[in-house]
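Notes for the one structure printed next.
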Amino acid sequence: LKEQQMPFILMGTSKDEDILQVDNNHKEGCCELMMKLFAKGYRKIGLVGGSQNFVVNRMRLLGYKKAFRNARYTLEESLIYSNCETMEQTEQAVKKLLKREVQCIVCMDDMICSLVMQVLGREHIKVPEQIKVASFYDSTLLMNHEPAITSLLFDDKALGTLTCQVLLAYIQGDEVKGKNLMGYEIVLRKSTEEI
């Protein structure tokens with residue numbers, strides 16, 4: 001598309017700064033959610049995530065790490081389990097985090113969180129009584145879970161609307177920013193409550 005000088009926009013993030021981009025502000029959202037968990041007194045927080053081949057997962061990991069730097073807490077790399085792409089990998093990560101007696105498990109997205117909750121259920125670990133759980137991406141799956149899961153909420157419809165608006169403005173010759181980041185909402189739910 002670039003070679004043919006065809007106007008286009010990427011819904012996501014690219015290292016190529018010549019490409020117009022619209023994305024959710026994953027890094028800052030994840031950092032802020034972690035800061036909320038720190039404010040609740042949780043310090044030993046494990047992370048279970050998917051493939052680091054995806055930019056979104058790398059951005060979420062950066063947000064997780066940034067929160068530790070901002071709070072001046074020691075980041076334990078051994079509590080980070082990336083590239084969990086199967087139920088078996090997720091289960092191993094959760095069991096290792098339980099042995100390390102983490103206070104909270106943060107999941108990179110709703111699907112990973114669903115798997116984590118299944119593992120905790122099989123291990124008879126109660127949320128939030130015995131461990132807290134949060135997700136860096138919300139969905140109806142997590143909203144309607146029992147208990148409902150604390151999550152980062154991104155407005156996908158607004159993201160699509162902004163993407164179209166930026167592309168149309170660019171086609172019309174208006175000046176547009178190369179990278180546009182959408183906001184987020186932190187939704188605190190029962191999964192991180194003190195019992």
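Along segment 109-118 the Karplus relation, 6.51 cos²θ - 1.76 cosθ + 1.60 evaluated at θ = phi - 60°, assigns HN-Hα couplings of 7, 5, 5, 4, 4, 4, 5, 4, 5, 5 Hz to successive residues, with x for each Gly and Pro. Heavy-atom accessible area, probed at 1.4 angstrom with all protein chains present, ranks 161, 90, 140 as 140, 161, 90, highest first.
From a point 7 Å beyond the Cα of residue 111 in the direction of its Cβ, which residues of segment 36-58 have a backbone N at a distance under 16 Å? The answer is 48-58. On a per residue basis, segment 24-104 carries 49 Å² of accessible surface, using protein heavy atoms and a 1.4 Å probe. Using a probe of 1.4 Å, the accessible surface attributed to residue 185 totals some 100 Å² when neighbouring protein chains are kept in position. In the elastic network of the chain, a GNM with C-alpha springs shorter than 10 Å, the most mobile of 164, 84, 30 is 164.
Could you state, as a whole-number percent, how many of the C-alpha pairs of segment 1-50 are farther apart than 17 Å? Beyond 17 Å sits 57 percent of the P(r) for segment 1-50. Among the GluC sites (Glu not before Pro) in segment 68-122, those placed in a DSSP loop whose Cβ has at most 16 other Cβ atoms within 10 Å are 76, 85, 101.
Springs join every pair of Cα atoms under 10 Å in this Gaussian network model of the chain, and among 46, 183, 121 the largest mean-square fluctuation is at 121. Scaled against 2.2 N^0.38 Å for its residue count N, the alpha carbon radius of gyration of segment 82-193 is 1.36.
Within the same chain, lysines fewer than 8 places from residue 44 are excluded, and of the rest, those with a Cα less than 22 Å from its Cα are 27, 36, 65, 66, 95, 96, 99, 126, 132, 190.
Taking only protein heavy atoms and a 1.4 Å probe, the accessible area of the chain is 50% carbon and sulfur.
For segment 45-93, the spherically averaged projection of the C-alpha convex hull amounts to 3.4 nm². All C-alpha pair distances within segment 131-195, sorted into 5 Å bins from zero, spread as 4, 16, 21, 14, 11, 10, 9, 7, 5, 3, 1, 0 percent across the bins. For trypsin sites (Lys or Arg not before Pro), the sites in segment 70-132 that DSSP calls loop and that have at most 13 other Cβ atoms within 10 Å are 72, 100, 126.
Between 180, 70, 57, the residue with the greatest mean-square fluctuation in the GNM of the chain (Cα pairs under 10 Å linked by springs) is 70. Classify the chain from the C-alpha gyration tensor, please: rounded if a/c falls under 1.5, else prolate or oblate depending on whether a/b exceeds b/c. Because a/c hits 1.5 or more and a/b exceeds b/c, the chain counts as prolate. Using amide H atoms built in the peptide plane, which far-off residues or other-chain residues are under 5 Å from residue 80 H to H? Hits under the 5 Å cutoff: 47. Residue 43 exposes around 100 Å² of accessible area when a 1.4 Å probe is run over every protein chain in place.
The values are calculated or read from the model by the stated rules, or taken from the named source; none is laboratory data. Values in this document were obtained by computation on a predicted structure and should not be read as measured data. Here the Cβ is made from the backbone with ideal geometry for all residues, glycine too, and neighbour counts use every protein chain on show. Side chains included, ligands, DNA and RNA excluded: accessible areas come from the protein's heavy atoms. Shrake-Rupley method; radii C 1.70, N 1.55, O 1.52, S 1.80 Å.
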